[in-house]
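The values are calculated or read from the model by the stated rules, or taken from the named source; none is laboratory data. Keep in mind the model is a prediction, meaning the values are calculated, not measured. Here Cβ is always computed from backbone atoms with ideal geometry, including for glycine, and neighbour counts include all displayed protein chains.
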């Protein structure tokens, strides 16, 4: 018996070290889980494109045998399509081969069909056919700084892509290299890291070389972005010209996650990790922290989360949806996945004992779609949590 996604239902895609799981819900409290898809393949990136008549789920698949590519499904995971020659392939003369797809970013409704990808080796790609085929952004690839960009602990990653509503301003963040900005839709790029620390370098305030872990844009304030750094949480109000610290009030300034509200000004979420040398939640107590005033203050949110947790949450293993109130989701390296239907005030466990969670994405789905995939398990609501 297939699973039906009904009007205003929710889809949660969970990419792990050993495959993809899909969870579905009508109330964001009880979830049905199906999978695995792409068993034994790494899924480090997911994009859910809701701009068309049917949602398209795109996944960056990395097989140890077949290599990396982007696969997509237009029926919520019932069937998958992979381009025969690969969705992303370095052109001749670049002397490079694709290692991993770190980011899949559907553009705005004003540019249907446009999907961006961030990859390893550090590079940015653009698709105009809904993520089926991508073209290398030569402006960033040919940048004179590229030879000096390095690899973070998990690899060399172009992991964050933020495009403003007009499409002219594009910000990319990479580990390691920092934040780069384009004012011409991606034709040319400049480093924009003033104020972001690189304490591990001889010059702690270089033009580039920072290990920025994640960036996200404020949906309601043009030019405002937030960054979670390798030690440091920052905000810019001028499109990256200057960054200021907003870490005061957090139990730790290290972490990987940076999420922003899809509509409301000043609201963002982080998940602090104690330090780069320990990489566990502070005191082994997992919590999400939310600001509603652009980083002036932070609120600890842990209702429904375990009393003790020693697994970290990776940069793309967290997401928000576009519902009202906004849903907040994340997964741990220990294979637990949590969902909040009230902007982080309380959480329920969607799944447990999955492989290492690498990426989480959520979407509101309208209409009725049959997946043809039977549910393998159901995650019940934890009792006693507020609605």
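Data overview
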quantity: Selection from region 298-338 of residues that are more than 21 Å from the chain's Cα centre (by Cα) and farther than 22 Å from residue 213 by Cβ; calculated: 303, 304, 306, 307, 308
quantity: Some residue of region 37-57 being buried (at least 16 other Cβ atoms within 10 Å of the Cβ), without any contact (Cβ under 8 Å) to a residue 24 or more places away in the chain and closer than 26 Å to residue 323 by Cβ; calculated: no
quantity: Residue within region 352-373 that is in a loop (DSSP other than H, G, I, E, B), crowded, with 18+ Cβ neighbours inside 10 Å, in contact with a strand residue (DSSP E or B) (Cβ under 6 Å, 6 or more places away or on another chain) and modelled with pLDDT under 95 present; calculated: yes
quantity: Residues satisfying the stated conditions in region 184-224, i.e. in contact (Cβ under 8 Å) with a residue 12 or more places away in the chain and assigned to a strand (DSSP E or B); calculated: 191, 210, 212, 213, 214, 215, 216, 217
quantity: Single match in 148, 168 (criterion: touching a strand residue (DSSP E or B) at 6+ places or on another chain (Cβ under 9 Å), over 14 Å from residue 121 (Cβ atoms) and loosely packed, with under 14 Cβ neighbours inside 10 Å); calculated: 168
quantity: Count of residues meeting criterion [part of a strand (DSSP E or B) and within 18 Å of residue 168 (Cα to Cα)] in region 119-134; calculated: 4
quantity: Qualifying residue in region 265-283 (condition: outside any strand (DSSP E or B), without any contact (Cβ under 8 Å) to a residue 40 or more places away in the chain and surrounded by 19 or more Cβ atoms within 10 Å (Cβ to Cβ)); calculated: yes
quantity: Hits in region 40-93 (condition: assigned to a strand (DSSP E or B) and on the phi > 0 side of the Ramachandran plot); calculated: 67
quantity: Qualifying residue in region 234-248 (condition: farther than 28 Å from residue 300 by Cβ, in a strand (DSSP E or B) and over 21 Å from the mean Cα position of the chain (by Cα)); calculated: no
quantity: Search result, residues across region 226-246 that are at negative phi and surrounded by fewer than 21 Cβ atoms within 10 Å (Cβ to Cβ); calculated: 237, 238, 241, 242, 244, 245
quantity: Among residues of region 37-67, those that are farther than 25 Å from residue 155 by Cα and in contact with a strand residue (DSSP E or B) (Cβ under 9 Å, 6 or more places away or on another chain), counted; calculated: 6
quantity: Every residue from region 94-118 that is within 18 Å of residue 60 (Cβ to Cβ), in a loop (DSSP other than H, G, I, E, B) and within 21 Å of the chain's Cα centre (by Cα); calculated: 98, 99, 107, 114
quantity: Number of the condition not met by residue 261 [criteria: (1) buried (at least 22 other Cβ atoms within 10 Å of the Cβ); (2) modelled with pLDDT under 95]; calculated: (2)
quantity: Leading residue by the ranking (nearest to residue 60 (Cα to Cα)) among those in region 152-164 that are assigned to a loop (DSSP other than H, G, I, E, B) and at pLDDT below 95; calculated: 154
